[in-house]
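Heads up, the thing below is written out as structure tokens.
The values are calculated or read from the model by the stated rules, or taken from the named source; none is laboratory data. Just so you know, these numbers come straight off a predicted model, no measurement behind them. Every residue, glycine as well, gets a Cβ built from its backbone with ideal geometry; the counts of neighbours run over all protein chains shown. Surface areas here come from the heavy atoms of the whole protein model, side chains and all, with no ligands, DNA or RNA. Shrake-Rupley method; radii C 1.70, N 1.55, O 1.52, S 1.80 Å.
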Amino acid sequence: MSKEKTLHTEVGSYISTLLRDHFGKGPTSVFVTVKPPFISIHLRGFLAPTERILLKQQEHRRVLETRDLLMNQLAADIKLDLWKIGNLEVEEVYADWNLDAQTGMILAIMADKSGAKEIAWDSAIQIESVREEVNEASRKAQKTPESTELYWLNNRTLLIERSGIFVEIEKELIHGGFVEELKLVKRPLERRLLLQTRIEAILEQPISEVFLDWNFISDKGYIVLLLENAK
């Protein structure tokens with residue numbers, strides 16, 4: 001087994017164990033992509049028995065709030081353990097969930113960002129067209145980002161990094177401590193607006209899932225578009 005595959009396997013096994021220990025059930029499958037400075041971890045079949053009960057009672061918000069709180073607590077452990085596993089110096093950890101599909105995405109950002117410049121873009125796809133669609137969706141939700149960068153992590157995973165995205169009312173809510181409320185409102189809104197763009201037509205690949213998370217302090221956010229295979 002190659003060193004890269006071994007790393008992916010070890011990270012996937014670690015995340016499965018971590019989630020099982022803290023949620024009572026781990027995912028049925030984990031797909032890990034390591035493309036410095038980004039590590040994406042896609043989870044499938046992830047829903048704890050207590051969460052299943054809450055969802056039957058239409059308590060989606062409570063499940064999401066609990067997961068966000070737990071992931072905030074686990075971020076320090078993830079950073080330390082990824083360093084132990086593969087000398088991966090992680091600076092930030094993001095997460096989002098699709099409760100209905102029982103899937104999730106954990107995104108880790110390494111401290112050394114120099115590798116981002118080496119991530120090639122598929123020359124057959126018009127990067128500026130995709131960027132324009134992302135910016136337009138962002139404008140409808142809040143404002144046009146000051147910066148929008150796009151990275152192919154693999155042939156089915158497009159990572160979008162936006163900076164300078166919050167309007168004044170959002171900044172006031174953040175300052176007032178309403179981060180979780182803002183996150184729970186923004187996710188479905190931005191997901192819906194992104195799915196209304198022409199991104200699928202430009203990429204010639206259907207979007208199967210959209211994951212979003214933000215760093216409210218540094219005014220930036222990440223979007224992970226998980227794509228279906230091209231037809």
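Sorting the segments 187-194, 72-79 by their mean number of nearby beta carbons within 10 angstrom, highest to lowest, gives 187-194, 72-79. Direction-averaged projected area, Cα convex hull, region 87-175: 8.2 nm², rounded to one decimal. Normalised by the number of residues in region 18-116, the average gap of Cα pairs under 8 Å and 6 or more apart makes the relative contact order 31 percent.
Among the lysines of region 72-173, pairs that are 8 or more positions apart or on different chains and have alpha carbons within less than 23 Å of each other number 5.
Summed over qualifying helices (DSSP H, 4 residues or more, each -39500 (n - 2.57)) and divided by its residue number, the chain shows a 222 nm mean residue ellipticity of -14000 deg cm²/dmol.
The H on the amide N of Lys35, modeled in the peptide plane, is under 5 Å from the matching H of Ser40, each at least 5 residues off or on a different chain. Multiplying each eigenvalue of the alpha-carbon gyration tensor of region 174-231 by 5 and taking the square root yields semi-axes of 28, 10, 9 Å, largest first, rounded to whole angstroms. Membrane-span-like helices in the chain (whole DSSP H runs, Cα extent of at least 20 Å along the helix axis, mean Kyte-Doolittle hydropathy of at least -0.5): 60-86, 179-195.
How many angstrom lie between the Cα centre of region 145-223 and the Cα centre of region 1-61? Using only Cα atoms to place each centre, the spacing works out to 21 Å.
Taking only the alpha carbons of region 43-147, we obtain Rg and Dmax values of 17.8, 48 Å in that order. Surface analysis of the chain yields an accessible area of 51 Å² per residue, using protein heavy atoms and a 1.4 Å probe. Applying Stokes-Einstein at 4 °C and 1.567 mPa s to the Kirkwood radius of the chain, computed over alpha-carbon pairs, gives a translational diffusion coefficient of 71 µm² s⁻¹.
For the chain, modelled as a Gaussian network with Cα springs under 10 Å, which listed residue fluctuates most, Gly45, Gly26, Gly177? Maximum fluctuation in the GNM of the chain, among the listed residues, is at Gly177. Estimated translational diffusion coefficient (Stokes-Einstein, Kirkwood radius over Cα pairs, 20 °C, 1.002 mPa s) of region 108-231: 141 µm² per second.
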